[in-house]
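Trainee: What follows is a structure written as structure tokens; I'll ask about it next.
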Amino acid sequence: GTTTAYRYVTEAVELLAALAPGLTDAVRTTSSKAYLVLDGTLLPIDRIAADRPSFSGKHKRHGMNVQVLADP
């Protein structure tokens, strides 16, 4: 059901956030790399028109912006 799926997503995000390094640690680690890849995308979400904070004017749809910083 929807409630179960929402709970699974929330638990997964909390787990990933707990395991992720902080910004200071990430910058310290990446300073020794030759180069990094920064990429982002808009993940479409199902929202009603009243939810303007989740609306992307560039893509003309609702979504969440996801940014990824990775080494080769």
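Trainee: Defining a contact as two alpha carbons under 8 Å apart and six or more residues distant in sequence, what relative contact order in percent does the chain show?
Mentor: RCO, the chain: 32 percent.
Trainee: Another one. Using R₀ = 22 Å, calculate the FRET efficiency as 1/(1 + (r/R₀)^6) where r is the Cβ-Cβ separation of Ala34 and Lys58; round to 0.05.
Mentor: The value I calculate is 0.10.
Trainee: A further question follows. If you wrap a convex hull around the Cα atoms of the chain, how much volume per residue is inside, in Å³? Before the final figure, lay out each step's value.
Mentor: Values: hull volume 9.4 nm³, N = 72.
Convex hull of Cα atoms, per residue: 130 Å³.
Trainee: Can you send over the carbon and sulfur percentage of the accessible area for the chain, probe radius 1.4 Å, protein chains only? If you can, show how the numbers build up before the last one.
Mentor: Values: 3780 of 6290 Å².
In the chain, the share of accessible area belonging to carbon and sulfur is 60 percent.
Trainee: Would you kindly state how much longer the chain becomes between Asp46 and Thr10 on full extension, computed as 0.36 nm times their sequence separation minus their alpha carbon distance, in nm to one decimal? Spell out each step's value before the answer.
Mentor: On the way: separation 36, 0.36 × 36 = 12.96 nm, distance 1.65 nm.
Extra length from Asp46 to Thr10 when fully extended: 11.3 nm.
Trainee: Leaving out ligands and nucleic acids, note down the accessible area per residue over the chain with a 1.4 angstrom probe, in whole Å².
Mentor: Accessible area per residue: 87 Å².
The values are calculated or read from the model by the stated rules, or taken from the named source; none is laboratory data. Values in this document were obtained by computation on a predicted structure and should not be read as measured data. Heads up, the Cβs are rebuilt from the backbone with ideal geometry, glycines too, and the neighbour counts pull from every protein chain shown. The area values use the complete protein model at the heavy-atom level, side chains included, leaving out ligands, DNA and RNA. Shrake-Rupley method; radii C 1.70, N 1.55, O 1.52, S 1.80 Å.
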